[in-house]
Amino acid sequence: MQSREEIFETLRTALVELFELEPERVTPDANLYQDLEIDSIDAVDLIDHIKRKTGKKIAAEEFKSVRTVNDVVEAVFRLGHAAA
């Protein structure tokens, strides 16, 4: 079971590696689309990466509602605790 902090660090690493972002840009309040310039194709890649790292898949419908890095952290955290 991962904590929110561990999920955030995993997500930050993924965003830096996948999209060549500077780590300091990836904050909990950063908007994925406006601040980090993630597009819909990137979002699919991110969902796939999260699934490989955590074994949990965020549903595309749920991902549509996320806006910030923290929203993704919360979605992954809920998935981990829903299975518990």
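Taken together, the values in this text are just the output of simple stated rules run on the coordinates, not laboratory data. Just so we're clear, the structure is a prediction, and the values are computed from it rather than from any experiment. In this analysis, Cβ positions are derived from the backbone assuming ideal geometry, glycine residues included, and neighbour counts consider all displayed protein chains.
Tabulated values for the structure
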{"item": "DSSP loop GluC sites (Glu not before Pro) with at most 15 other Cβ within 10 Å excluded, longest remaining stretch of the chain", "result": "38-84"}
{"item": "Axial C-alpha extent at least 18 Å, average Kyte-Doolittle at least 0.0 - helices from the chain (DSSP)", "result": "4-19, 69-82"}
{"item": "Relative contact order (%) - the chain, alpha-carbon pairs under 8 angstrom, separation at least six", "result": "39"}
{"item": "Selection of trypsin sites (Lys or Arg not before Pro), the chain, meeting DSSP coil and at most 15 other Cβ within 10 Å", "result": "LYS57, LYS64, ARG67"}
{"item": "Principal axes of the chain: Cα extent on each, largest first, Å", "result": "33, 24, 21"}
